[in-house]
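Asker: Below is a structure I'd like to ask you about.
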Amino acid sequence: MSTEQMTCKERVQAAVKYEDIDRLPVFKGYFSPARLVDRKMNYSFFTDAEAIAEACWQAWKYFDDDGIHLLDGGFMEEEFGADSIWPENNYPMINHILVTDHEAADALKEPDPYKDSVFTAILKATEILRKKAGDEVMVCGFINGTFNYAARLMGTENMMNYLATDPELVHKVCRKVADAQVRYAKAYGEAGIELIFMPDATSAPACISPKTYGKMALPYLKEAVKGFQDAGALAMYHPCGGEYPIIDQIGQTKADIYYFSELVELDVAQKIFVDRAAVAGTVNGSRELFLGTPEIVDEHVKGIIDRLKYRTGAIIMPGCGLSPNCKYENVKAMVDATKEYGKN
Amino acid sequence: MKGDMKMSKEAIFKQLSHAVFDGDDDLVVEAAEAAIKEGIDATEAIIEGLAAGMTKVGEYYEKQKYFLPEVIISAETFKQGIKILEPHLSKDIASPGTVLMGTVISDVHDIGKNIVIIMLSASGFKVIDLGKDVPPEAFVNKIKEVGKVDIVAMSALMTTSMMGMQDVVEALKKEGLRDKVKIMVGGAPVSQRFTDDIGADGYAGDAVEGVRVAKRLVGVQ
Ligand code: B12
Ligand SMILES: [Zn+2]
């Protein structure tokens with residue numbers, strides 16, 4: 001088939017349900033498109049709804065993939081009460097660790113999605129993009145995972161320590177984070193978001209054990225996923241980092257899409273989740289996309305697609321977030337390769 | 001420890017190792033103090049006791065039997081033990097070498113680096129920690145300041161920051177220091193190919209492997 005028969009949106013929706021599709025969908029993945037509109041990643045950009053919308057739109061046009069992807073999902077840490085640092089060309093960070101004891105955990109503020117300086121811009125950008133995109137393509141949002149947020153509030157190293165010495169403190173913070181995630185998702189839903197991406201590296205086996213994951217993280221991740229779905233969005237969960245040891249548990253989150261790093265074979269994941277959830281990812285963001293060439297990327301993507309048993313139920317994308325200085329020609333090569341080798 | 005019962009050297013080493021492996025901060029203090037009281041050589045207590053425990057922790061982490069919470073608690077226990085034994089070290093012990101280590105500029109990820117440092121120290125290396133977000137000139141200046149550094153070790157966790165390693169290699173070349181040191185790199189996005197590309201000498205995927213590579217680079221087993 002030389003011409004494509006489905007819209008981007010139809011293709012993703014059908015792939016998630018393992019229905020017939022004209023070709024496999026592809027997502028450019030997560031990296032800031034600020035560069036595309038000649039902007040720096042600074043406070044003025046992150047709070048400028050028009051600029052965000054324009055950058056995301058341009059990125060979709062430029063890479064010609066199957067989704068419009070909003071960047072980072074607001075600045076919930078600041079809403080919790082943290083003071084922030086805004087680098088001249090990078091994502092904002094928090095200046096001080098907010099929670100070191102139960103008292104501080106009790107004192108955390110309740111994040112309000114409609115007051116979050118970054119998220120209000122993202123909500124407005126979502127509305128702008130929804131109008132532009134119509135039924136052609138999904139607008140995809142971003143809300144960090146429960147453990148990722150908790151780690152930022154407590155300090156990762158401290159949090160790992162508390163997991164062993166004071167798990168109740170971690171529970172207390174996660175409880176508040178999960179509630180906030182659901183509130184953010186609801187606001188996203190009202191703005192018309194159709195998919196929410198949730199990365200959670202801090203609860204993956206690169207950091208904690210499968211047992212701790214089941215006890216400490218999974219209950220909250222389930223709530224977050226349900227919140228996304230109740231808001232009318234597909235939930236795409238990314239358990240980032242050495243995922244195999246928890247691959248049996250992540251299914252309990254009931255996410256619509258499981259998005260894996262290059263450490264998982266996409267074909268194996270697909271066989272595990274067939275007819276239950278779509279699988280995504282696994283294009284190596286460092287070895288191929290960052291250090292490689294378009295030819296190397298083409299070969300790599302072809303291999304991933306050739307090994308798939310079902311030519312639906314999978315979305316090709318980088319195995320993890322890409323750096324803002326990634327090579328655009330390599331990302332483009334990944335999209336083109338999917339269009340070529342993913343045809344049905 | 002009960003009463004005045006004398007403990008054998010082996011029993012104390014076992015306790016030290018156990019304390020680190022279990023992250024037991026009471027036991028590590030007790031055992032380290034016992035070692036001193038019994039007049040056991042502090043170097044030996046560190047190597048046969050604390051470091052042996054930390055090596056086992058490293059192996060468990062490599063095999064995914066231990067995860068970050070366990071490793072971080074063990075590392076703290078290890079440091080507690082060192083604090084007690086260090087003042088009793090004899091000054092002229094042979095170390096395999098001096099490592100200058102830091103997380104490269106614009107990168108604040110230091111958990112992995114700290115684990116590598118603990119493992120290197122546990123193997124007898126003298127490690128100078130430059131911290132995180134370290135600019136190339138800081139590596140250069142430190143080498144000039146201390147005179148002799150055997151290995152420059154760098155960590156980077158982001159594809160955005162890993163090019164900072166190349167800047168350090170270039171800075172060392174410019175200052176005529178490149179041939180005087182070995183360069184070792186690591187961190188999640190780093191690979192053997194990248195290591196070769198930037199002209200570094202060694203790469204390791206984890207801390208246990210890192211110790212092996214460091215030993216190879218300085219020519220000891
Ligand atoms: C913890 C963490 C943080 C913590 C760091 C706390 C700290 N004190 O280190 C905080 C919250 C501060 C943080 C911040 C950010 N992070 Co972060 N973070 C992580 C996370 C979850 C775990 C890293 C970690 O500690 N792993 C455990 C340690 C033990 O493993 P390791 O570092 O790999 O080290 C081992 C080996 O690699 C090796 N090793 C490491 N260094 C060296 C050196 C030598 C010489 C040798 C031989 C071996 C060696 O030995 C170690 C032990 O075996 C990873 C995700 C992941 N799955 O890796 C993301 C991750 C690295 N972060 C990421 C990002 C993007 C960020 C931020 C920009 C914020 C954001 N938007 O998320 C900021 C960056 C700030 C900055 N300028 O640096 C990305 C990087 C993506 C990319 N494109 O490269 C990752 C992959 C997550 C993601 N997908 O978003 N992060
Ligand atoms: Zn990831």
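The values are calculated or read from the model by the stated rules, or taken from the named source; none is laboratory data. For clarity, every value in this text was computed on a predicted model and none was experimentally measured. A quick note on method: Cβ atoms are made from the backbone with ideal geometry, for glycine too, and the neighbour counts reach across all protein chains shown. Ligands, DNA and RNA are excluded from the accessible area calculation, which covers all protein heavy atoms including side chains. Shrake-Rupley method; radii C 1.70, N 1.55, O 1.52, S 1.80 Å.
Asker: Being surrounded by 17 or more Cβ atoms within 10 Å (Cβ to Cβ), under 15 Å from B:Val185 (Cα atoms), at pLDDT below 95 and within 14 Å of another protein chain (Cβ to nearest Cβ), is that true of even one residue in region B:148-157?
Answerer: Checking region B:148-157: at least one residue is surrounded by 17 or more Cβ atoms within 10 Å (Cβ to Cβ), under 15 Å from B:Val185 (Cα atoms), at pLDDT below 95 and within 14 Å of another protein chain (Cβ to nearest Cβ).
Asker: Could you tell me how many of the residues in region B:32-62 are farther than 22 Å from A:Thr156 by Cα and either of a type in the set (Val, Ile, Thr) or not in a helix (DSSP H, G or I) (or both)?
Answerer: Looking only at that region, the number is 9.
Asker: Taking the options A:Ala280, A:Ala269, name whichever one is out of contact with any helix residue (DSSP H, G or I) (no Cβ under 6 Å at 6 or more places or on another chain), open to solvent by less than 50 Å² (accessible area, probe 1.4 Å), assigned to a helix (DSSP H, G or I) and within 16 Å of ligand 2 (Cβ to nearest atom).
Answerer: Only one candidate qualifies: A:Ala269.
Asker: With the condition kept exactly as written, say whether any residue in region A:24-39 is in contact with a helix residue (DSSP H, G or I) (Cβ under 6 Å, 6 or more places away or on another chain), among the polar types (S, T, N, Q) and at pLDDT below 95.
Answerer: There is no residue in region A:24-39 that is in contact with a helix residue (DSSP H, G or I) (Cβ under 6 Å, 6 or more places away or on another chain), among the polar types (S, T, N, Q) and at pLDDT below 95.
Asker: Pull up region A:290-320, narrow it to residues that are in contact with a strand residue (DSSP E or B) (Cβ under 7 Å, 6 or more places away or on another chain) and not hydrophobic (A, V, I, L, M, F, W, C), then point me to the one that is nearest to ligand 2 (Cβ to nearest atom).
Answerer: Out of the qualifying residues, it is A:Gly319.
Asker: Here's another thing I want to ask about it. Quickly run through region A:43-84 and pick out the residues that are open to solvent by 20 Å² or more (accessible area, probe 1.4 Å) and part of a loop (DSSP other than H, G, I, E, B).
Answerer: A:Thr47, A:Asp48, A:Asp64, A:Asp72, A:Gly81, A:Asp83
Asker: Let me ask another. Limited to region A:131-147, what total is found for residues that are more than 14 Å from chain B (Cβ to nearest Cβ) and within 16 Å of ligand 2 (Cβ to nearest atom)?
Answerer: Within region A:131-147, residues that are more than 14 Å from chain B (Cβ to nearest Cβ) and within 16 Å of ligand 2 (Cβ to nearest atom) number 6.
Asker: Hey, any hits in region B:102-113 for a residue that's over 11 Å from B:Ala214 (Cβ atoms) and away from every other protein chain (no Cβ under 14 Å)?
Answerer: Yes, region B:102-113 contains at least one residue that is over 11 Å from B:Ala214 (Cβ atoms) and away from every other protein chain (no Cβ under 14 Å).
Asker: It is to be established whether one or more residues within region A:108-120 are under 17 Å from A:Ala53 (Cα atoms), more than 17 Å from the chain's Cα centre (by Cα) and surrounded by fewer than 22 Cβ atoms within 10 Å (Cβ to Cβ).
Answerer: Scanning region A:108-120, I find at least one residue that is under 17 Å from A:Ala53 (Cα atoms), more than 17 Å from the chain's Cα centre (by Cα) and surrounded by fewer than 22 Cβ atoms within 10 Å (Cβ to Cβ), so the answer is yes.
Asker: Can you find a residue that is open to solvent by less than 30 Å² (accessible area, probe 1.4 Å), within 14 Å of chain B (Cβ to nearest Cβ), under 30 Å from B:Phe67 (Cβ atoms) and part of a loop (DSSP other than H, G, I, E, B) anywhere in region A:148-161?
Answerer: Within region A:148-161 (the criterion being open to solvent by less than 30 Å² (accessible area, probe 1.4 Å), within 14 Å of chain B (Cβ to nearest Cβ), under 30 Å from B:Phe67 (Cβ atoms) and part of a loop (DSSP other than H, G, I, E, B)), the answer is yes, since at least one residue qualifies.
Asker: Still on this structure, I have one more. Got at least one residue in region B:167-177 being in contact (Cβ under 8 Å) with a residue 24 or more places away in the chain, touching a helix residue (DSSP H, G or I) at 6+ places or on another chain (Cβ under 7 Å) and within 7 Å of ligand 1 (Cβ to nearest atom)?
Answerer: no
Asker: Of the numbered conditions (1) more than 16 Å from ligand 2 (Cβ to nearest atom); (2) within 12 Å of chain B (Cβ to nearest Cβ); (3) among the acidic types (Asp, Glu), A:Glu168 satisfies every one except a single condition; which is it?
Answerer: Of (1) more than 16 Å from ligand 2 (Cβ to nearest atom); (2) within 12 Å of chain B (Cβ to nearest Cβ); (3) among the acidic types (Asp, Glu), only one is false for A:Glu168: (2).
Asker: In region A:190-240, what residues are touching a Gly at 6+ places or on another chain (Cβ under 8 Å), open to solvent by 20 Å² or more (accessible area, probe 1.4 Å) and away from ligand 2 (no atom under 16 Å from the Cβ)?
Answerer: Those that are touching a Gly at 6+ places or on another chain (Cβ under 8 Å), open to solvent by 20 Å² or more (accessible area, probe 1.4 Å) and away from ligand 2 (no atom under 16 Å from the Cβ): A:Glu194, A:Asp230, A:Ala231, A:Gly232.
Asker: Only one residue in B:Ala52, B:Ala19, B:Ala35 is outside the structural domain of B:Ala207 (by TED's automatic domain parsing), modelled with pLDDT of 90 or more, farther than 23 Å from B:Ser95 by Cα and among the aliphatic types (A, V, I, L, M), so which one is that?
Answerer: Matching residue, one of B:Ala52, B:Ala19, B:Ala35: B:Ala19.
Asker: Consider B:Asp129 carefully, then state whether it is at pLDDT 95 or above, in contact with a strand residue (DSSP E or B) (Cβ under 7 Å, 6 or more places away or on another chain) and surrounded by fewer than 22 Cβ atoms within 10 Å (Cβ to Cβ).
Answerer: yes
Asker: Within 14 Å of ligand 1 (Cβ to nearest atom) and not in a loop (DSSP other than H, G, I, E, B): does that describe A:Phe197?
Answerer: Spelling it out, A:Phe197 is indeed within 14 Å of ligand 1 (Cβ to nearest atom) and not in a loop (DSSP other than H, G, I, E, B).
Asker: Something else now. Among the residues of region B:194-207, count how many are surrounded by 20 or more Cβ atoms within 10 Å (Cβ to Cβ), in a helix (DSSP H, G or I) and within 12 Å of ligand 1 (Cβ to nearest atom).
Answerer: Residues meeting the conditions: 1.
Asker: Could you tell me which of the residues B:Ser90, B:Ser106, B:Ser95 is surrounded by fewer than 24 Cβ atoms within 10 Å (Cβ to Cβ), away from ligand 1 (no atom under 16 Å from the Cβ) and in contact (Cβ under 8 Å) with a residue 40 or more places away in the chain?
Answerer: On inspection, the qualifying residue turns out to be B:Ser90.
Asker: Right, here's the next one. Which one is farthest from ligand 2 (Cβ to nearest atom), of the residues in region B:18-70 that are open to solvent by 70 Å² or more (accessible area, probe 1.4 Å) and either within 14 Å of another protein chain (Cβ to nearest Cβ) or at positive phi (or both)?
Answerer: The qualifying residue farthest from ligand 2 (Cβ to nearest atom) is B:Asp26.
Asker: Within region A:283-324, restricting attention to residues that are facing chain B (nearest Cβ under 9 Å) and either without any contact (Cβ under 8 Å) to a residue 40 or more places away in the chain or in contact with an Asp or Glu (Cβ under 6 Å, 6 or more places away or on another chain) (or both), which residue is least open to solvent (accessible area, probe 1.4 Å)?
Answerer: Going through the qualifying residues, I end up with A:Ser286.
Asker: Another question about this same structure. Among the residues of region B:147-177 satisfying the criterion of being more than 22 Å from the chain's Cα centre (by Cα) and in a helix (DSSP H, G or I), which is nearest to ligand 2 (Cβ to nearest atom)?
Answerer: B:Met163
Asker: Spot the failing condition for A:Tyr259; the list is (1) away from ligand 1 (no atom under 15 Å from the Cβ); (2) touching a residue at least 60 places away in the same chain (Cβ under 8 Å), and only one is missed.
Answerer: (1)
Asker: Within region A:312-344, track down each residue that is more than 13 Å from ligand 1 (Cβ to nearest atom), under 19 Å from A:Ile257 (Cβ atoms) and among the small types (Gly, Ala, Ser).
Answerer: Result: A:Gly313, A:Ala314, A:Gly342.
Asker: Which of (1) farther than 14 Å from A:Glu265 by Cα; (2) crowded, with 22+ Cβ neighbours inside 10 Å; (3) of a type outside the set (Val, Ile, Thr) is the odd one out, the single condition A:Lys343 does not satisfy?
Answerer: Of (1) farther than 14 Å from A:Glu265 by Cα; (2) crowded, with 22+ Cβ neighbours inside 10 Å; (3) of a type outside the set (Val, Ile, Thr), only one is false for A:Lys343: (2).
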